[in-house]
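J.: Quick one: the structure is below, questions incoming.
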Amino acid sequence: MTDPVPFWKTKRLDEMSRAEWESLCDGCGRCCLHKLRDEESGALSFTNVACRLLSLETCRCTDYANRRRRVPDCVNLTPAAVRRIDWLPPSCAYRLLEEGKPLAWWHPLVSGDPDTVHTAGVSARGRAVSERGAGPLEHHVVDWPGRSPRPRRPLTPRPAAPPQAAADAVPPAPNVGAPDAPALNALVKEPPR
Ligand code: SF4
Ligand code: SF4
């Protein structure tokens, strides 16, 4: 019997259930790094400075339930927002699917392993600093969050898990989800208006 086609290949973002939507987040943490927007040109710069609620080890939000109260500019990501915003990393699963591109082998849904986003060197683990004590964001401008990653291949690739089993195996990312609608949170520092 052939495996069923995975949901991310058959559904649009706005057709996905909440569980499917949440499982799409690879837990890379890149979207929780601060960005800077030039007031005059509108040009975007990425930094390696993480939101104070981001765990630098797990790359997940440490207080997801209260994130909007504690970090008011944490952006609620929805299917419409994915189409609108310009700062999602090129490796972000939501952006990839919105652009009609496939998920990479290291995505937890494809690999069946939540750690492959880290072991492949795609996540922010090991190269982000906390905003606590980081100093001016302008001193931390980097380009890697905005570039497509060059993932490290595992020595022995894991066999891909069946799609539904993989989705079930991936714990909900703490920086994903909302009670009533597909949503996800990420961060961008816009200049004050
Ligand atoms: S929303 Fe996208 S960029 Fe942010 S952690 Fe999830 S997959 Fe990574
Ligand atoms: S989900 Fe929001 S509050 Fe949590 S770490 Fe990311 S940007 Fe910060």
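J.: Of everything in the range 48-57, what is assigned to a loop (DSSP other than H, G, I, E, B) and within 14 Å of ligand 1 (Cβ to nearest atom)? Give them in sequence order.
T.: CYS51, LEU53, SER55, LEU56
J.: Here is a further query. Count, please, the residues in the range 38-83 that happen to be of a type in the set (Lys, Arg) and farther than 29 Å from ARG12 by Cα.
T.: 3
J.: So which pairs qualify, if the first residue must be in the range 15-27 and at positive phi and touching a residue at least 12 places away in the same chain (Cβ under 8 Å), the second must be of a type in the set (A, V, I, L, M, F, W, C) and not in a helix (DSSP H, G or I), the Cβ gap must be under 9 Å, and the two must be at least 6 apart or on different chains?
T.: Here the result reads GLY27/CYS59; GLY27/VAL170; GLY27/ALA173; GLY27/VAL176, each pair linking the range 15-27 to a residue that is of a type in the set (A, V, I, L, M, F, W, C) and not in a helix (DSSP H, G or I).
J.: May I ask you to verify whether ASP3 is more than 16 Å from ligand 2 (Cβ to nearest atom), assigned to a loop (DSSP other than H, G, I, E, B) and within 24 Å of PRO114 (Cα to Cα)?
T.: Here the answer is yes, as ASP3 does meet what is asked.
J.: I've got another one for you. Residues of the range 107-123 being of a type in the set (S, T, N, Q) and part of a helix (DSSP H, G or I), which ones?
T.: Once the filter is applied, which keeps residues that are of a type in the set (S, T, N, Q) and part of a helix (DSSP H, G or I), the range 107-123 yields SER111, THR116, THR119.
J.: Evaluate the following for ASP86: is it within 14 Å of ligand 1 (Cβ to nearest atom), out of contact with any Pro (no Cβ under 9 Å at 6 or more places or on another chain), among the charged types (D, E, K, R) and at negative phi?
T.: Here the answer is yes, as ASP86 does meet what is asked.
J.: Something else now. What number of residues within the range 61-72 are away from ligand 1 (no atom under 16 Å from the Cβ), part of a loop (DSSP other than H, G, I, E, B) and of a type in the set (A, V, I, L, M, F, W, C)?
T.: Going through the range 61-72 one residue at a time, the tally reaches 0.
Condition check ((1) within 16 Å of ligand 2 (Cβ to nearest atom); (2) under 30 Å from ARG153 (Cα atoms); (3) assigned to a strand (DSSP E or B)) across all residues:
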| site | (1), (2), (3) |
| --- | --- |
| GLU22 | yes, yes, no |
| LYS35 | yes, yes, yes |
| PHE46 | yes, yes, yes |
| CYS59 | yes, yes, no |
| TYR94 | yes, yes, no |
| LEU97 | no, yes, no |
| GLY100 | no, yes, no |
| TRP105 | no, yes, no |
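J.: Answer yes if at least one residue in the range 124-137 is assigned to a strand (DSSP E or B), at pLDDT 85 or above and out of contact with any helix residue (DSSP H, G or I) (no Cβ under 6 Å at 6 or more places or on another chain), and no otherwise.
T.: yes
J.: Separate question: Only one of (1) within 16 Å of ligand 2 (Cβ to nearest atom); (2) under 26 Å from ALA43 (Cα atoms); (3) at pLDDT 95 or above; (4) not in a loop (DSSP other than H, G, I, E, B) is not met by ASN76, so which one is it?
T.: Condition (3) is where ASN76 drops out.
J.: Buried (at least 20 other Cβ atoms within 10 Å of the Cβ), without any contact (Cβ under 8 Å) to a residue 60 or more places away in the chain and under 15 Å from the mean Cα position of the chain (by Cα) - does that describe any residue in the range 84-91?
T.: No; the residues of the range 84-91 include none that is buried (at least 20 other Cβ atoms within 10 Å of the Cβ), without any contact (Cβ under 8 Å) to a residue 60 or more places away in the chain and under 15 Å from the mean Cα position of the chain (by Cα).
J.: For residues in the range 44-73 being modelled with pLDDT of 95 or more and of a type in the set (Gly, Ala, Ser), which is nearest to LEU33 (Cα to Cα)?
T.: If we take residues in the range 44-73 being modelled with pLDDT of 95 or more and of a type in the set (Gly, Ala, Ser), then ALA50 is nearest to LEU33 (Cα to Cα).
The values are calculated or read from the model by the stated rules, or taken from the named source; none is laboratory data. Quick caveat, the model's predicted, so the values are computed rather than measured. Please note: Cβ atoms are built from the backbone with ideal geometry, for glycine as well, and neighbour counts cover all protein chains shown.
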